[in-house]
Amino acid sequence: MKRKLSKAGGKALSVALAMATVVSAAPFSVAAEDNVALAQTQETEGNALRLWYDEEAPNSYTGWEQWALPLGNSAIGASVFGGVQTERIQLNEKSLWSGGPSDSRPEYNGGNIESKGQNGKVMAQLKEKLKSGQGFDSNLAGQLIGVSDDAGVQGYGYYLSYGNMYLDFKNVTKNNVSGYSRDLDLRTAVAGVNYDLNGAHYTRENFVSYPDNVLVTRLTATDGGTLDFDVRVEPDEEKGGSQNQPGADSYARMFDKKVSDNAIAIDGQLKDNQLKFSSYTKVIKDDGTAGQIKDDSTNGKITVSGAKAITIITSIGTDYKNDYPKYRTGETKEQLAALVKGYVSGAEAKVKAGGYETLKEDHVNDYDHIFGRLDLNIGQAVSDKTTDKLLEAYKKGTASETEKRYLELMLFQYGRYLTMGSSRETPVNEDGTKNERRATLPSNLQGIWVGANNSAWHSDYHMNVNLQMNYWPTYTTNMAECAEPLIDYVDSLREPGRITAKIYAGVESTEANPENGFMAHTQNNPYGWTNPGWVFDWGWSPAGVPWILQNCWEYYEFTGDTEYMQTHIYPMMKEEATLYDQMLMRDNDGKLVSVPSYSPEHGPRTAGNTYEPSLIWQLYEDTITAAETWGVDEAKVAQ
C-alpha cells in the first residue's frame with residue numbers, strides 16, 4: 001500500500017528549510033537559563049524582539065486588535081492599551097461562553113435536528129438514488145442542517161469579553177508627559193509603558209503568568225514622582241461587535257461587586273446559560289514604601305495615593321468544564337470565588353516573600369522554556385523605527401533590506417508568541433498529577449483575545465480550515481505541548497459527535513460497540529455543538545474531523561511519544577475511520593465515495609469530490625500507520 005509520499009516529502013522539505021535557518025532549536029529539556037543566555041546574546045547581535053510605539057493605543061472597541069498589546073497564559077487574556085490618563089486593560093477568560101445547556105434550553109442537543117437527518121434515512125436515500133441511476137439529489141442533501149442560530153441564543157452562543165480593568169491617573173494627561181513609549185517584549189512576554197513627568201520617570205509592566213494563573217500589573221515612580229490613581233474593574237455589558245444580529249444578547253450578565261481589603265471581587269453568572277464567573281483583583285504596596293491604598297466601596301474602586309511602587313494582581317475563572325453533557329464543574333459560587341482568590345493570594349505571597357521580581361522571574365523562566373527554543377537569523381538588523389512606522393515603510397518599499405527582514409522575523413516570532421498565549425498544556429501539580437481544573441480549551445478564531453461581545457463568527461472553532469491553520473506552525477516551531485489543548489478538545493467531541501453520527505449518518509454507538517463513529521462539522525463551540533450548521537453550503541463538512549485529526553497525529557510524528565499516541569490520538573483516529581467504514585458507498589465505477597460531499601463555501605454538492613476523499617484517505621493512512629506502530633488491530637488494518 002502506498003504511504004504518504006507527498007506529505008512526508010513536503011514535511012522533510014519544511015524541516016530542512018527550518019534547519020537551514022534556525023540558529024538554535026533546543027529540545028524540550030533545555031534549561032531556562034540557557035535560553036535566557038541565548039536571548040541576551042541575540043539582543044547584543046541586533047536581534048531584539050520588541051513591538052513598540054510612541055503613542056498610546058486608541059481606546060475603542062474598533063481597532064483594538066491592531067493597536068492593543070496582547071498578553072495571555074492560555075486561560076486568561078489581556079489587551080494593554082497603554083493610556084496615560086486612563087489605562088485600559090481588556091480582560092478575557094477563554095471559557096466565558098454563552099450557549100450550551102441552560103435552564104432555558106433543558107433539551108439542548110448540540111444543535112442536532114433529528115427530523116433533518118432522520119437517523120441516517122436522508123443519507124440512505126441519497127445513496128439509493130445514486131445506485132439506481134437517478135443521480136445526485138442536491139435538494140435532498142441540502143436538508144441536512146442543524147439548529148438555526150445566527151443570534152447565538154439557541155445554544156450556539158458567543159465567546160464573550162469578560163470586562164476591563166481601568167487605571168484612572170490623577171493630574172496626568174498625554175499632553176504633559178514626555179518620552180512616552182509602550183512596548184511588548186516577545187522574549188519575556190511583558191508589555192510595558194514608560195514616560196517622564198515633572199522630572200520623574202514612570203513605568204508600568206504587565207504580564208499574565210502561566211505558573212501562577214494571574215495577570216500582574218506593576219507601576220513605579222522614581223524620586224520626585226508619586227503614583228496617584230484609581231483602580232476599577234468593570235464587567236463588559238456592552239453589546240459589542242455583531243450589532244446587526246437580532247437578539248444577540250447572550251452577553252448579558254448578573255454580578256455582584258465587592259471592594260474590601262484593597263481588593264475588588266466580582267462574582268456573577270451569564271443570564272443565557274447560568275455559567276458562573278469570578279474575578280479577584282488585589283492592589284499591593286511594597287513593604288516599607290510611601291503611599292496609601294484605600295477602599296472606595298461606594299464607587300466600586302480602590303484609590304492609590306502618594307505611592308512609589310504598586311503591584312496589581314488579578315485572576316479570573318468560570319465554572320465551565322469540558323465534560324459532556326453538563327459542561328460544568330459543579331462548584332458553588334463560593335467555591336469558584338475561593339479558587340480564583342486563591343490564585344491571587346498565592347501570587348501575593350510570592351511578592352511578600354521575595355518581592356515583585358520573584359513573581360516576574362517565575363513567569364519569564366516558564367515562558368522562555370518554550371519560546372526560547374527557536375531563534376531565527378534571516379539577515380535582519382534592529383530598526384530604530386516604531387513598529388507602526390516600520391510597517392508603513394515596509395508597505396511603501398522605503399524600508400531597508402535588513403529592516404524588512406527584521407519585520408518579517410518579528411511577525412514569525414509574534415505568531416509563536418500568540419500561540420503560547422492562547423494554547424498551553426494542562427499544568428502539573430506538585431505531586432505530578434495534572435491540574436484538571438486548569439485544563440484549557442484550544443485557541444479559538446481570535447486566539448484568546450476578544451475586544452467586544454458578539455464578535456465575528458462567534459470567535460468559535462471553525463474546522464473547515466481555520467482551527468487547523470491555528471496549529472499548523474506549532475510543531476515545526478518546537479512548541480508541541482501547545483497543541484495538547486487541541487487534542488483534548490477534539491477528543492471531547494467524540495461523545496456528542498456520536499449523537500450527530502446517529503442522526504445524520506445512521507451510525508449508532510451502543511453499549512456493546514461504544515466507539516462506533518463520531519461526527520462534527522464546520523462550526524464547533526465548547527458545548528459539543530457538532531451538527532452540520534444551519535446552512536448546508538458552509539455547515540456540512542464531516543471531513544473537518546479527519547482534517548483536524550491530522551493536526552493531532554502530527555503531535556506523535558514530531559515528538560515520537562508512542563504512549564501519548566496510544567492513549568490520546570489513536571483511539572480518536574480509529575473511531576473516525578470506523579465512521580467512514582460505514583458512511584462510504586461504492587459507486588458504479590467500484591470506487592468508495594462519500595455521500596454527500598461538499599467543500600465548505602466552495603461546493604459543489606456531489607458524491608465524492610477532491611476535498612473530502614483526500615482527507616478520508618489520509619485518515620486511513622495515518623490510522624494504519626498508528627496501528628502498525630503500536631502493533632494492534634491487524635484485522636482492521638487489513639480491512
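FYI, it's all coordinate maths here, none of it is from the lab. Being a predicted model, the structure only gives us computed values, none of them experimental. Methodologically, a virtual Cβ is constructed for each residue, glycine included, from the backbone with ideal geometry; neighbour enumeration extends over all protein chains shown.
Step by step: find N for region 495-639, compute 2.2 N^0.38 Å, then divide the Cα radius of gyration by it. What's the final number?
Values: Rg = 15.1 Å, N = 145, 2.2 N^0.38 = 14.6 Å.
Region 495-639 yields a ratio of 1.03.
When 388, 236 are ordered from fewest to most other Cβ atoms inside 10 Å of their Cβ, what list results? List each step's numbers first, then the result.
On the way: 388 15, 236 22.
Final ranking by Cβ density, sparse to dense: 388, 236.
Hey, what's the Kirkwood Rh for region 44-195 if you take every pair of different alpha carbons, in angstrom?
20.3
Quick one: check the C-alpha center-to-center distance for region 79-102 versus region 395-464, whole angstrom.
15
Helix 494-505 sits at what angle to the longest principal axis of the chain, using alpha carbons and giving 0 to 90 degrees rounded to 10?
Roughly 40 degrees, rounded to the nearest 10.
Given 62, 585, 463, which one lies farthest toward the positive end of the charge dipole of the chain, if we put +1 on the Cβ of every Lys and Arg and -1 on the Cβ of every Asp and Glu?
585
How long, wide and thick is region 411-551, going by the Cα atoms along their three principal axes, in whole angstroms, largest first?
Largest first, region 411-551 extends 45, 40, 30 Å along its Cα principal axes.
Would you mind listing how long the chain runs along its three principal axes, going by Cα atoms, in whole Å with the largest first?
For the chain, the Cα spread along each principal axis is 88, 57, 53 Å.
Picking from 369, 397, 300, whose Cα lies most toward the positive end of the charge dipole for the chain (charges on Cβ: Lys, Arg +1; Asp, Glu -1)?
After comparing all options, I get 397.
If you look at just the Cα atoms of region 124-215, how large are its Rg and its Dmax in Å?
28.6, 87
Treat every Asp and Glu Cβ in the chain as -1 and every Lys and Arg Cβ as +1, leave all other atoms uncharged, and give the resulting dipole magnitude about the Cα centre to the nearest 20 debye.
Result for the chain is approximately 1020 debye, rounded to the nearest 20.
Divide, for region 233-347, the radius of gyration over alpha carbons by 2.2 N^0.38 Å, where N is the residue count. Please report the intermediate quantities before stating the final value.
Values: Rg = 17.0 Å, N = 115, 2.2 N^0.38 = 13.4 Å.
It is 1.27.
Tell me the angle of helix 544-559 to the major Cα principal axis of the chain, expressed in degrees between 0 and 90 and rounded to the nearest ten.
60
All other residues with a Cβ under 9 Å from the Cβ of residue 209 taken together, and with Lys, Arg as +1 and Asp, Glu as -1, what is their net charge?
Numbers: positive: 360; negative: 212, 362, 366.
Combined, the nearby Lys, Arg, Asp and Glu give -2.
As a check on your grasp of the helix formula, calculate [θ] at 222 nm for the chain: sum -39500 (n - 2.57) over DSSP H runs of n ≥ 4, divide by the residue count, round to the nearest 500. It would help to have the intermediate numbers written out before the result.
Details: 18 runs with 214 residues, N = 639.
Mean residue ellipticity at 222 nm (helix-derived): -10500 deg cm²/dmol.
Going down the list 94/434; 321/341; 174/350, which pairs span over 27 Å between their C-alpha atoms?
Check vs 27 Å cut-off fails for 174/350.
If you fit an axis through the alpha-carbon atoms of helix 333-354 and take the longest principal axis of the Cα set of the chain, what angle between them do you get, 0 to 90°, nearest 10?
50
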